[in-house]
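The structure appears right after this line, and notes come after that.
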Protein chains: 2
Amino acid sequence: MRIGELGQAAGVDVETIRFYEKSGLLPAPARSENGYRAYGSTHLERLAFIRHCRALDIPLSEVQRLLEFVEHPNADCGDIDQLIDTQLAKVRARLKSLKALEKQLSSLRGRCGAKHIAGECGILHELVAAAHKEACVCHGHFEPKTLAT
Amino acid sequence: MRIGELGQAAGVDVETIRFYEKSGLLPAPARSENGYRAYGSTHLERLAFIRHCRALDIPLSEVQRLLEFVEHPNADCGDIDQLIDTQLAKVRARLKSLKALEKQLSSLRGRCGAKHIAGECGILHELVAAAHKEACVCHGHFEPKTLAT
DNA sequence: AGAAACCCTGTAGTTACTACAGAGTCAAGG
DNA sequence: CCTTGACTCTGTAGTAACTACAGGGTTTCT
């Protein structure tokens, strides 16, 4: 099948498929006489594998490694569980920070009254006030990454 | 104060500060005779405001808008609560998908036994099996019927 | 035949930073 | 005074994972 068909079968953009090929994740397929890529089921499976891993937020570099393991069943796979552990830790950390973020945003949202003049906007006041508080060096450094990451 | 001092005061990288200036978020400051940037407390407050918004995952383009409201207190601020609502919706959606992801990864992690050969790795088997027949929660596009070529 | 959809390669853009490179300035120490 | 390391400057490029052209060729359908 051609690239468009592969894309439809796997629910992936053709440009993403080309991107994966260029990145080395997908092997370059055979070509028809007109130069079009000609894919078979092997590519489809591999692409599905990649997309499934991506859905698990596994970085492409790690997906590459997993694919190598698939290709070499006799290789030592001691790192795979560690990879999943790393992902799990990341997800849990992110969940934690997002929950805090949701709480902050909800609180901020609650400050919006019926007023529609910027000078009287509770949200804006709160954002400015927060900036004032943080701008005071007595309160230490505000590190957004710890919340937003 | 110089850029390094501003960065320390706000807990921001000097390169990020220059980035913000270039992006138009921070006004270009006065310069000393040697060409160094000379900042005052106004910049510090504005930077803190920006960082606080970033901590709330507010995109820079929206931070820019908020800053404009701060500068024009008489402007209609009808969009600000909507901005926060949009952020809240994003955060909640992301929370939902991350929870599903955590569940999947935990399940996947549970498949790892004591084996350390790739060919016998439960995690790898599951990833490959998923590519064959299962749509994951976040992916959703892959359907077995489209396997037919 | 013509138009639209598909394909190709190569380049550039998105978002929010982050990291140089090469050169100038400053402050402390020998 | 000189040296050295830290700081500053502007400009460019890179990061991750795509996504969107541009310009040109091929296929399919009306």
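Things worth noting here:
- Unmet criterion (only one of (1) more than 18 Å from residue B:107 (Cβ to Cβ); (2) free of Cβ contacts under 8 Å to residues at least 24 places away in the same chain; (3) within 15 Å of DNA strand D (Cβ to nearest atom)) for residue A:105: (3)
- Residue check: residue B:74 meets all listed conditions (1) away from DNA strand D (no atom under 16 Å from the Cβ); (2) within 7 Å of another protein chain (Cβ to nearest Cβ); (3) outside any loop (DSSP other than H, G, I, E, B) but one, namely (3).
- Check on residue B:66, part of a helix (DSSP H, G or I), in the same structural domain as residue B:12 (by TED's automatic domain parsing) and within 21 Å of residue B:15 (Cβ to Cβ): no
- Among the conditions (1) exposed (fewer than 12 other Cβ atoms within 10 Å of the Cβ); (2) of a type in the set (A, V, I, L, M); (3) modelled with pLDDT of 70 or more, residue A:84 misses just one, which is (1).
- Considering the stretch A:32-46, the residues that are within 11 Å of DNA strand D (Cβ to nearest atom) and within 20 Å of residue A:9 (Cα to Cα) include one that is surrounded by the most Cβ atoms within 10 Å (Cβ to Cβ), namely A:36.
- Those residues of the stretch B:7-16 which are more than 8 Å from DNA strand D (Cβ to nearest atom) and either of a type in the set (S, T, N, Q) or more than 10 Å from chain A (Cβ to nearest Cβ) (or both), in sequence order: B:8, B:13, B:16
- When A:130, A:93, A:89, A:100 are checked against the criterion of being modelled with pLDDT under 80 and either hydrophobic (A, V, I, L, M, F, W, C) or part of a helix (DSSP H, G or I) (or both), a single residue qualifies: A:130.
- Pick from the stretch A:47-63, criterion within 16 Å of DNA strand C (Cβ to nearest atom) and either part of a helix (DSSP H, G or I) or in contact (Cβ under 8 Å) with a residue 60 or more places away in the chain (or both), ranking: nearest to the chain's Cα centre (by Cα): A:54
- The stretch A:3-31, residues that are in contact (Cβ under 8 Å) with a residue 40 or more places away in the chain, part of a loop (DSSP other than H, G, I, E, B) and buried (at least 19 other Cβ atoms within 10 Å of the Cβ): A:25
The values are calculated or read from the model by the stated rules, or taken from the named source; none is laboratory data. In this text the structure is predicted, and so the values were computed from the model without any measurement. Backbone-built Cβ (ideal geometry, glycine too); neighbour counts: all protein chains shown.
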